[in-house]
Each structure stands twice: as structure tokens, then as C-alpha cells.
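The values are calculated or read from the model by the stated rules, or taken from the named source; none is laboratory data. Everything numeric in this text was worked out from a predicted model, so none of it was measured. Here Cβ is always computed from backbone atoms with ideal geometry, including for glycine, and neighbour counts include all displayed protein chains.
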Amino acid sequence: MMRHTISILKASNGSPQSGHTVKLYAWSSGSSGYTGSALYTYTDNSDGTYYVDITTAIKGTVVITLSGASTPTIPTNYIGVFFPGDNQPNIAPLGTT
């Protein structure tokens, strides 16, 4: 599996934060940066890290909904990012013919 992991840290002191909802959506050029239903939901490790095993490569956007918040947060560095999946072709080692 192609695992993608992110950490959520509290802005005021850098302490790890768990209990949030983190999802991966298909990227869109619209104002929100994503479209449709979530393709993947990250698993909360209860230590501020979240992970997802991606099976099919996509260009996507990570959307975080903080516990108790009604409006999602979209980190700008996770808008329209390529997420490799298990379906990536094997690449021959360099220097072979």
C-alpha cells in the first residue's frame, strides 16, 4: 500500500492534536480545491498523526474538519497534490537497457 501520513499540531504550542476528521478528495480547479465525495478517510492514530493507504493514484486535496468545527480547513500545501497509489507501474533501474 502507498501510505500517506500527516500530522496535525496545535498552532499555539505545537502539541499533537487527535480527534479530527481528515479526508482526501479529488482535486478541482474551483475555489474550494476539491470536488465530490471523499475518496479516502484518514485513520487517526490518537497521537496527532493520521494515515491513509492509497490504492489508486490521484491528484487530490486534503480536507481537515477540526473537532467541534463546522467549517473544514484546507491546508494550502495539500491542494492539488499528486498522491501515488498501488497502481504505479514498475520503473526499470537506471542504467539498464
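Among strands (runs of 3 or more DSSP E) lying entirely in segment 8-66, which contain 2 or more residues that are of a type in the set (A, V, I, L, M) and under 17 Å from residue 77 (Cα atoms)?
On the way: elements: 21-27, 34-41, 49-54, 58-65.
Strands (runs of 3 or more DSSP E) meeting the threshold: 21-27, 58-65.
Would you mind finding the one in 65, 61 that is free of Cβ contacts under 8 Å to residues at least 60 places away in the same chain, surrounded by 15 or more Cβ atoms within 10 Å (Cβ to Cβ) and hydroxyl-bearing (Ser, Thr, Tyr)? Break it down stepwise before answering.
Working: 65 fails: surrounded by 15 or more Cβ atoms within 10 Å (Cβ to Cβ).
Answer to the selection: 61.
So, residue 35, is that one in contact with a helix residue (DSSP H, G or I) (Cβ under 8 Å, 6 or more places away or on another chain) and modelled with pLDDT of 90 or more or not?
Values: in contact with a helix residue (DSSP H, G or I) (Cβ under 8 Å, 6 or more places away or on another chain): no; modelled with pLDDT of 90 or more: yes.
For residue 35, the condition - in contact with a helix residue (DSSP H, G or I) (Cβ under 8 Å, 6 or more places away or on another chain) and modelled with pLDDT of 90 or more - is not met.
Which one is surrounded by the most Cβ atoms within 10 Å (Cβ to Cβ), of the residues in segment 1-15 that are in contact with a Gly (Cβ under 7 Å, 6 or more places away or on another chain) and hydrophobic (A, V, I, L, M, F, W, C)? Before you say what the answer is, go through the steps one by one.
To start, the set of residues in segment 1-15 that are in contact with a Gly (Cβ under 7 Å, 6 or more places away or on another chain) comprises 2, 7-9.
When the remaining residues are screened for being hydrophobic (A, V, I, L, M, F, W, C), the result is 2, 8-9.
Numbers: 2: 15, 8: 19, 9: 11.
Of everything passing the filter in segment 1-15, 8 is surrounded by the most Cβ atoms within 10 Å (Cβ to Cβ).
Which condition breaks for residue 86 when tested against (1) in a loop (DSSP other than H, G, I, E, B); (2) modelled with pLDDT of 95 or more; (3) among the charged types (D, E, K, R)?
(2)
Considering only segment 32-48, how many residues are closer than 17 Å to residue 63 by Cβ, surrounded by fewer than 17 Cβ atoms within 10 Å (Cβ to Cβ) and either in contact (Cβ under 8 Å) with a residue 12 or more places away in the chain or aliphatic (A, V, I, L, M) (or both)?
So in segment 32-48, the residues closer than 17 Å to residue 63 by Cβ come out as 32-44.
Those still in the list that are surrounded by fewer than 17 Cβ atoms within 10 Å (Cβ to Cβ) too: 32, 35-38, 41, 43.
Checking the rest, the ones that are also either in contact (Cβ under 8 Å) with a residue 12 or more places away in the chain or aliphatic (A, V, I, L, M) (or both) come to 32, 37-38, 41.
Qualifying residue count for the region: 4.
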